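**Student:** Shown below is the structure under consideration.
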Amino acid sequence: MIKQYKLRFYNFRMVLLLIAISSIGVILVSSARADLRNKQIMGVVMGVVIMVILSLIDYSWILNFQWIMYGANILMLLAVYAFGSSSNGAARWIDLGFIRFQPTELSKIIIILFFAKFFMDHEDDLNTFRVLAESALLLAVPLVLIYIQPDMKNTITVIVMFCILLYVAGLSYKIIGGAILIAVPLLVIFLSIVVQPDQKLIRDYQRDRIMSFLYPENEEYSDDIEQQNNSKTAIASGELLGKKLSGDETASSVNEGNFVAENQTDFIFAVAGEEYGFIGCTVIVLLLLFICLECIRMSLRAKDMAGKILCCGVGSIVAIQSFINICVATGIAPNTGTPLPFVSYGLTSIVSLFIGMGLVLNVGLQSSLYNKELKRKEINEKEEYL
């Protein structure tokens, strides 16, 4: 249901941050591939409109449909498995004719919505085995469907995001400590298995990416590490101001020379580094940081646990994907193909993120009005008592 709000309760600071980072994204995507500029602009405009509409709809009312959303999410991911179109060896898109839609991006927002309501309903018994096992099983269904696409990067993103949601919901530190003691040895065992040439846990191209990161000097993996090496070269060549801001048109361009594949998505940060230098990269990082901090700030003012989880969940997506994308572009992590939030090309990704931000904005509105109503109620009770 849509409520009437006063403009002074609206978080225009967040809106300005989102428009600023999205505008930078349009500029960088246009530089990487000029033919995609109009599509990126369309995605931003569509996302902003949906964000504003959702920001005016009571999120508590939306959460009443948690099981319908969960079921729709499963059907959507099953549709990818049954009818999805393939690209680069993975079936992650549904081709609607006029546009290709990637359900996994929207799935992350739905998972946050579902568990925001689920954890709020189990706020008192969250640390019991039954609730934790039930939440793990509920997560496992969409997670497996994402993994078999195959989509390792989003599988990892969803797992980390889920852990953050659990922590925000009030997971006991004893359980967290126990989980870490179990997870670390399992991670070591996993890595020791996947480096073997005949392993079956992950696909060969995924193993090659890990091996090229661990052994970059090995000639066998030179093709896998080449993209990241070219990305680092592009970022370093931009120096302080970059080729656009300094007006240096004489130097050769790694971006325009197509030495970096998927520079409009996975390696958009390399385009930023080459063309706008350290200054441009710093602006992008700061804008993404401020967006995450605004999500945290609004979570602290949320009227209930669901609102708190919603804000932290959406903020965690921005933080996790930003961290992975920039680490890949700078060679600090293996190549995963993760887009940079609000900057990389991708209509599904950018619209889904704006949907999440619309919910965050509504949590901010609800908290302001909720606190105001509480104060008014306290004043009325005092007057009645007197």
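The values are calculated or read from the model by the stated rules, or taken from the named source; none is laboratory data. Note that the structure is predicted; figures quoted are calculated from it, not measured. Don't worry about glycine lacking a Cβ; one is built from the backbone with ideal geometry, like all the others, and counts go over all protein chains shown. Only protein heavy atoms, including side chains, enter the accessible area calculation; ligands, DNA and RNA are left aside. Shrake-Rupley method; radii C 1.70, N 1.55, O 1.52, S 1.80 Å.
**Student:** What does the C-alpha gyration tensor say about the overall shape of segment 161-239? Classify as rounded when a/c is under 1.5, otherwise prolate if a/b is larger than b/c, or oblate.
**Tutor:** oblate
**Student:** So, with a 1.4 angstrom probe, what is the percent of accessible area on the chain that is carbon and sulfur?
**Tutor:** 66
**Student:** For the chain, what are Rg and Dmax over the alpha carbons, in angstrom?
**Tutor:** 22.3, 84
**Student:** What are the residues whose amide H is under 5 Å from the amide H of W93, where those residues sit 5 or more places off or on another chain and H is modelled from the backbone?
**Tutor:** S85
**Student:** Here's a follow-up. Once you have a ≥ b ≥ c as the square roots of the Cα gyration tensor eigenvalues for segment 105-208, tell me rounded if a/c is under 1.5, and otherwise prolate or oblate according to whether a/b is larger than b/c.
**Tutor:** Since a/c reaches 1.5 but b/c is at least a/b, the shape of segment 105-208 is classed as oblate.
**Student:** Roughly how many Å² of E262 are accessible to a 1.4 Å probe, to the nearest 10?
**Tutor:** 80
**Student:** Quick check on packing: order 196-208, 313-325, 70-82 by the mean number of other C-beta atoms within 10 Å, highest mean leading.
**Tutor:** Per-residue Cβ counts within 10 Å, averaged per peptide and sorted highest first, yield 313-325, 70-82, 196-208.
**Student:** Could you please put I99, I332, I53 in sequence from largest to smallest accessible area, using a 1.4 Å probe?
**Tutor:** Order by accessible area, largest first: I332, I53, I99.
**Student:** Just to confirm, what accessible area per residue do you get for segment 74-225 at 1.4 Å probe, in whole Å²?
**Tutor:** 55
**Student:** Pull out a ≥ b ≥ c, the square roots of the eigenvalues of the alpha-carbon gyration tensor of segment 1-75, then state rounded if a/c is under 1.5, prolate if not and a/b is larger than b/c, and oblate in the remaining case.
**Tutor:** Oblate, since a/c reaches 1.5 and b/c is not below a/b.
**Student:** Given H placed 1.01 Å from N in the peptide plane, which residues other than close sequence neighbours of V260 have an amide H under 5 Å from its amide H?
**Tutor:** none
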